[in-house]
Amino acid sequence: GQSLEQPSEVTAVEGAIVQINCTYQTSGFYGLSWYQQHDGGAPTFLSYNGLDGLEETGRFSSFLSRSDSYGYLLLQELQMKDSASYFCAVRDLYDTDKLIFGTGTRLQVFP
Amino acid sequence: DTAVSQTPKYLVTQMGNDKSIKCEQNLGHDTMYWYKQDSKKFLKIMFSYNNKELIINETVPNRFSPKSPDKAHLNLHINSLELGDSAVYFCASSQEGAGGDFGELFFGEGSRLTVL
């Protein structure tokens with residue numbers, strides 16, 4: 001089966017940099033996506049890595065290493081509004097075609 | 001203008017009752033989903049439909065019955081509600097299965113179900 005593990009919680013202060021890790025075990029791997037979810041809100045798509053390396057989108061970057069079955073989301077210049085839960089997700093091609101989500105990381109940003 | 005909309009946003013009901021949640025997307029997507037998010041925030045897929053056809057049924061109890069009257073709508077009916085059904089149910093859509101090449105799903109705002 002598939003499993004994606006993330007730290008349950010990360011805390012940081014405004015202006016800091018934080019890294020949220022995701023390790024995965026999959027039978028078939030297509031790529032790694034990241035989602036943000038504010039309390040009471042909907043998960044929203046942030047980024048995607050299909051190939052190894054770093055993808056940068058403004059203050060957020062995402063990294064993938066296929067050989068290590070590992071990726072991370074890097075958030076720079078943290079702002080209070082970045083306090084949210086962050087989920088990694090992979091496309092499961094082994095059994096049925098579906099998006100599997102990680103366990104989620106709650107980020108709390110303090111002033 | 002809402003891309004994926006679900007109603008109601010909140011449901012509070014007694015055990016044993018039946019309830020429905022409706023979802024509509026105006027993105028022109030072919031695939032729609034129901035995900036369940038429990039109190040620990042685990043997001044788990046329940047069902048997936050592609051152009052009104054059931055594609056994925058993730059061993060969900062048969063008290064849960066999805067229906068897709070057309071590719072823009074996916075409803076969820078739950079019979080004989082149990083305490084363990086309390087969760088937030090998210091509808092989502094994408095142009096291709098599993099979010100396509102980039103794993104991008106568009107989620108509704110969720111329907112929080114509380115079973116007493």
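Bear in mind that the values in this text are calculations on the coordinates, not laboratory data. Everything numeric in this text was worked out from a predicted model, so none of it was measured. Using ideal geometry, Cβ is built from the backbone for each residue, glycine included, and neighbour counts are taken over all protein chains shown.
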May I ask you to work out the translational diffusion coefficient for the protein assembly as shown at 20 °C, viscosity 1.002 mPa s, via Stokes-Einstein with Rh from the Kirkwood sum over Cα pairs, reported in whole µm²/s?
-> 119 µm²/s
Under 22 Å from the Cα of B:K36, which lysines turn up, not counting those fewer than eight places away in the same chain?
-> A:K98, B:K9, B:K19, B:K22, B:K44, B:K52, B:K67, B:K71
Here the residues of segment A:18-53 lying in the modelled label zone of A:S83, meaning backbone nitrogen under 15 Å from a point 7 Å along Cα-to-Cβ, are A:37-41
Expected sort for B:88-95, B:100-107 on mean C-beta neighbours within 10 Å, highest first, is B:88-95, B:100-107
So for segment B:1-69, what percent of the C-alpha to C-alpha distances run longer than 16 Å?
-> 58 percent
Taking the Cα atoms of chain B alone, what are Rg (to one decimal) and Dmax (as a whole number) in Å?
-> 13.3, 42
Averaged over A:73-85, how many beta carbons belonging to a partner chain fall within 10 Å of each residue's beta carbon?
-> 0
Return one quarter of the surface area of the convex hull spanned by the alpha-carbon atoms of chain A, equal to its mean projected area, in nm².
-> 6.6 nm²
Under the definition of partner shielding as Cβ atoms of other protein chains within 10 Å of a residue Cβ, what is the mean value for peptide A:41-53?
-> 4
May I ask what percent, to the nearest 5, of DSSP beta bridges between residues of the protein assembly as shown are antiparallel?
-> 90 percent
